[in-house]
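Values quoted throughout were computed directly from the atomic coordinates according to the rules given, and no laboratory measurement underlies them. Owing to the predicted nature of the structure, the values given are computational and were not obtained by experimental measurement. Here the Cβ positions follow ideal geometry from the backbone for every residue, glycine too, while neighbour counts run over all protein chains shown.
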Amino acid sequence: MSKLKSITKKAKTIAKSGIEPYQEGKHNFENENPDVEALALKRSEICSGCEYFKTEPIKKFHVTDDRIPVLSKMYCEDCGCISSFKLRQSIEVCKKWRE
Ligand code: SF4
């Protein structure tokens, strides 16, 4: 996906869901919590097999994830969200995580 499409997806998701999911995910990424990490690890196994799990095309948004390395530099192409943050919040839960 192009950089422009990545930005457009992010803007649409923030317009629809607000900034709180991003803020919660970023907070949990920066403040390690064992329960959040365990849940994010389980979710990462699902994302890893998903067609929308892609390398973030915009380098400025790359996150290095030392606790769950598979999430490093990745984002969800469906919503535009940075994977390291998205998987560590529970305001906007992907339906695939529940399947
Ligand atoms: S959050 Fe959902 S749609 Fe996005 S990559 Fe993960 S499983 Fe796929």
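Of all residues being charged (D, E, K, R) and part of a loop (DSSP other than H, G, I, E, B) in region 59-74, which is surrounded by the fewest Cβ atoms within 10 Å (Cβ to Cβ)? Just the residue, please. Per the criteria, the residue is Asp66. Can you name every residue in region 31-42 that is exposed (fewer than 14 other Cβ atoms within 10 Å of the Cβ) and more than 16 Å from the ligand (Cβ to nearest atom)? Answer for region 31-42, where residues must be exposed (fewer than 14 other Cβ atoms within 10 Å of the Cβ) and more than 16 Å from the ligand (Cβ to nearest atom): Asn31, Glu32, Asn33, Pro34, Asp35, Ala38.
Condition test on Lys86, is it more than 13 Å from the chain's Cα centre (by Cα), within 10 Å of the ligand (Cβ to nearest atom) and surrounded by 12 or more Cβ atoms within 10 Å (Cβ to Cβ)? Taking the combined requirement at face value, the residue does not satisfy it.
The set of residues in region 90-99 that are within 11 Å of the ligand (Cβ to nearest atom) and either under 16 Å from Asp35 (Cβ atoms) or crowded, with 18+ Cβ neighbours inside 10 Å (or both) comprises Val93, Cys94, Trp97. Of all residues in region 48-58, those satisfying the criterion of being under 18 Å from Lys10 (Cα atoms), within 13 Å of the chain's Cα centre (by Cα), surrounded by fewer than 21 Cβ atoms within 10 Å (Cβ to Cβ) and not β-branched (Val, Ile, Thr) are Tyr52, Phe53, Lys54. Summed over region 43-81, the residues that are touching a residue at least 40 places away in the same chain (Cβ under 8 Å), of a type in the set (Ser, Thr, Tyr) and either farther than 15 Å from Trp97 by Cα or away from the ligand (no atom under 15 Å from the Cβ) (or both) give a count of 1.
Candidates Lys26, Lys16, Lys9, Lys96: the one that is free of Cβ contacts under 8 Å to residues at least 24 places away in the same chain, of a type outside the set (Ser, Thr, Tyr) and part of a helix (DSSP H, G or I) is Lys16.
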